[in-house]
Amino acid sequence: MDIKKSEEVLAEIHRNCEYAKQSISDILPETDDEAIKEELLRQHEEYERIGGRAAILAKDRGIELKNPNPIKKGMMWMGIKMNAMKDDSRSHIAEMMVQGTVMGVTALRTTLGEMSDEGADEEIKNLAKELLSSEETFEKIWKKMIA
C-alpha cells in the first residue's frame with residue numbers, strides 16, 4: 001500500500017472541493033427547483049470554505065496546489081448538461097449529486113486510509129476528516145430528495 005503524505009492529502013482536499021464546486025456551478029442553471037438551488041448554493045459555500053482553508057494551509061507550508069484537469073472538467077460539464085437535459089426533475093438532480101458525492105467520499109476515505117501517521121500534519125488530516133463529514137452529510141441530504 002502506498003503511504004500518502006500530508007501534501008498529497010491536501011491536494012486531494014483541494015481537488016475534491018474544486019470538482020464539487022464545478023459540478024454545482026454546472027448544475028445550478030439546469031434546475032428551477034428552489035429547494036435544490038438553495039441546497040446547491042449552501043453546499044457550494046461549504047466547499048468554498050473548506051477549499052479556502054486548504055489553500056491557506058498549502059500557502060503556509062509552501063505547497064503548490066494544482067487545479068483539476070481542464071479536460072476532465074469539460075467532460076464533467078458535458079455529462080451534467082446531457083444528463084439534466086434528459087431529466088431535470090428534483091429526484092434526478094439529487095441522484096446526480098449523490099453520484100458525485102459518493103465519488104468524493106470514496107476518494108477521501110481511500111486517501112485518509114493511506115495517509116501516513118508518521119509525521120502526519122494534524123491540521124491537514126483534520127481538514128480531510130471535516131470534508132469527509134460534510135460530504136457524508138450532503139449524501140444523506142440528496143438521498144432524501146430522491147423520490
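The values are calculated or read from the model by the stated rules, or taken from the named source; none is laboratory data. What you see is a predicted model; the values in this text were computed from it and never measured. Cβ: placed from backbone, ideal geometry, glycine included. Neighbour counts: every protein chain shown.
Observations on the structure shown:
- Number of the condition not met by residue 37 [criteria: (1) without any contact (Cβ under 8 Å) to a residue 12 or more places away in the chain; (2) part of a helix (DSSP H, G or I); (3) loosely packed, with under 14 Cβ neighbours inside 10 Å]: (3)
- Qualifying residue in segment 86-98 (condition: in a helix (DSSP H, G or I), β-branched (Val, Ile, Thr) and loosely packed, with under 15 Cβ neighbours inside 10 Å): no
- Restricting 26, 33, 87 to residues that are among the acidic types (Asp, Glu), modelled with pLDDT under 95 and under 21 Å from residue 134 (Cα atoms) narrows the list to 26.
- Residues that are out of contact with any strand residue (DSSP E or B) (no Cβ under 7 Å at 6 or more places or on another chain), under 19 Å from residue 52 (Cβ atoms) and surrounded by 14 or more Cβ atoms within 10 Å (Cβ to Cβ), drawn from segment 124-143: 124, 127, 128, 130, 131, 132, 134, 135, 138
- Test set (1) charged (D, E, K, R); (2) closer than 24 Å to residue 56 by Cβ; (3) in contact (Cβ under 8 Å) with a residue 40 or more places away in the chain - residue 136 fails condition number: (3)
- Verdict on residue 129 being assigned to a helix (DSSP H, G or I), closer than 17 Å to residue 17 by Cα and in contact (Cβ under 8 Å) with a residue 40 or more places away in the chain: no
- Figure legend. Inter-residue proximity from segment 59-76: first residues closer than 17 Å to residue 24 by Cα and surrounded by 11 or more Cβ atoms within 10 Å (Cβ to Cβ), second residues of a type in the set (Phe, Trp, Tyr) and at pLDDT 85 or above, beta-carbon distance below 9 Å, spacing 6+ or different chains. Indicated pairs: 68/19; 72/19; 73/19; 76/19.
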